[in-house]
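Participant: Pasting a structure below so you can have a look.
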Amino acid sequence: MKRFSVALTGALLCLLLMAVFFGAATEASPVVRNKLTTASLLLDRSSVKPGEKFWAMMMLEIKPGWHTYWQNPGDSGMATHMNWKLPENWQASSIYWPTPKRIYTGTLASYAYQDIAFHPVSITVPQTAANGKYTLKLDGEWLVCHEICIPEFGSFTADITVGNSNRRTDNAELIDSVLDDLPKGLASKGSYTVHTGLMRIKLPQEIANPTGGILMPLDGIILDHAAMQKWQDGVIEVKTPLTAATKNWRALWVDEAAKQAVQFEVTPSTTLALPEHPGLWRALFFALLGGLILNAMPCVFPVLSLKALALAKKAHLQRREALMLAGAYSFGVILSFLAMAGVLVALRHAGEQIGWGYHMQSPVFVLSLALLLFVVGLSLSGLVHISSRFSGFGGRLTSGQGLRASFFTGVLATLVATPCTAPFMAPAIGYALLQSTPVVLLIFGVLGLGLALPYLLIGLFPAMLHVLPKPGAWMDRFKQFLAFPMYASSLWLLWVLAQQAGPAALGMGMLSMLTLVFLCWCWPLTAAWHKALRIGLLLLGLCPLAASLVLANGAEVQRQNTQAMDSVPYSEETLRSLRTQEKPVLLDATAAWCITCKVNERVAIKTPAVQALLKEKHITFMVADWTNQDPAITRLLQEFGRSGVPMVVFYPPKGDPKLLPEILTESIVLGELDSF
């Protein structure tokens, strides 16, 4: 009986403690402390007269590194909500939103508050309110995000007296300062128009001579929130998901340098001009011409040497056979271009910011391609003979003379062509990526046709081959010579891997090559124990390969700093700051895997004359390194209608930026830099 009494007393005590705990946890008060925020309900008056208005404000003190959201959260998030329970006939306004900041999370952008967030609301007391004390109740809900998002809540109460006096509280000055900093409304309106995924917005005339700032729509997905906003003379250009200018919307213009934040309405316009883009037929012509010129670029030469060898061996082939080989090669090229376009479109629809040459930003692909070209080179040198059982590795796919070899040579030519951007390619691809999926596929298919065109013409007119000498002993030497472009390409790709993932990945890649060579050498051996040796070597070869790929994709790999000593790395904030200060900038968007970029830098940018002029005119040399995926640089390329590198832009102190040609000379750069 005694034991039962003790147990009953303990149970009642637990119930009492739980009741006290939960009662305290749910009890409304002026301050609510959550895990990530401390929320307070503040009033600017302790007493007010009937018919007057006072201010109430929910203040959120936010844990460092976390943020809450503005009325338009942007690409993700949820706006803060306030649900009032007021005395009868009392009226509360909607939230007056202070100016937020644009915050990037990966490829997305949000409008948010960090450290502290204020949410003022005006409350009007009815004329018929009787004198006395009244209780205000508020249920608040907000989302707090960093790498994850956590919803938080608060229930608040505050008392105010209605009578013949009007007394301020200790919080009145804080609330007044928040109200003074609210964005001001403009009576005049802005205007906008939309064309092919680009919105052009004219700011109201009250925003005098703006030199920097961000436009934020107050609600809805009006524009691409994460896109860089390019503008001049009060006109902004930015990407948009809209297809036409059909409705009015409200915008917030924030210029932190000028300490200006204003709201205004934006209406459709029929007179605001848009920049010209190449039409479909012009884009198709540029794609064909760009693909044709791509044959002369250094990226494609190693693979074209394979076709030169095949042509030399078949210098006197018949028209039908020549046409079939040319068709297989062309089919491989065009199909590969269409496949790349399909992947690009799919990734963009999934929200990825990618462009031309996107697969070269993958260390996995770079190392795999280096190994493939290395094996092809060994095969051409006669150092390894790959049996039919090992043909899946890729050597026989491209080193033979049949239709299969022609097809896969076309595939390989496409893969290694992407580090280069030929003249006329950039406007064609830039136009394509703003169009529907069928147009994208059409333009990429024509680009592939341009790359395949020379070999296709030889297939149509095999008499062109009669100028070559007849097959003979010289061809074996010629085949061995053509292995060296393969080796050179493999070494270059290893260098690219080092830029992407550091020297450790480079070492693992070289070890993979050594193991691969030994594996190719011992593969034809036929003794019984040789089979176990081959399996062991294959597993051993996968170890350094897997290790290099882990290093290449690991977050702890330290990228080597490829910036020149006299350059600054690109960032949207740095460029915007330099433009605001009216400082000239030469911007080089480049990548370690882009051969055209490196040639431009060697012959036209990093020359003594250009470097001297940069210093003389105090021009900032900014490098946007796109070796690894960088959404900010992808957005920069898209702002100029480009989908890949190289891209060199000169920003004069005043006026529009000038996009330079893809292929540069020193005189072109000097002439542009000396133009102001």
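Taken together, the values in this text are just the output of simple stated rules run on the coordinates, not laboratory data. No experiment lies behind these values; they were computed from the predicted model shown. Cβ: placed from backbone, ideal geometry, glycine included. Neighbour counts: every protein chain shown.
Participant: Under 5 Å between amide H atoms, partner at least 5 residues away or on a different chain: which partners does Gly74 have, H built in plane at 1.01 Å?
Facilitator: HN-HN under 5 Å from Gly74: Tyr111.
Participant: How charged is the neighbourhood of Thr580? Take every other residue with its Cβ under 13 Å from the Cβ of Thr580, and add Lys/Arg as +1 and Asp/Glu as -1. Before the final figure, lay out each step's value.
Facilitator: Numbers: positive: Lys259, Arg576, Arg579, Lys583, Lys654; negative: Asp255, Glu256, Glu572, Glu573, Glu582.
Net charge around Thr580: 0.
Participant: Tell me which GluC sites (Glu not before Pro) from the range 117-206 have a DSSP coil assignment and no more than 10 other beta carbons within 10 Å of their own.
Facilitator: Answer in residue order: Glu147.
Participant: How many lysine pairs in the range 569-667, separated by 8 or more positions in sequence or lying on different chains, have Cα atoms less than 21 Å apart?
Facilitator: 14
Participant: Can you pick out the pairs among Lys49/Lys133; Lys202/Lys247; Lys184/Lys247 whose Cα atoms lie more than 19 Å from each other?
Facilitator: Lys184/Lys247
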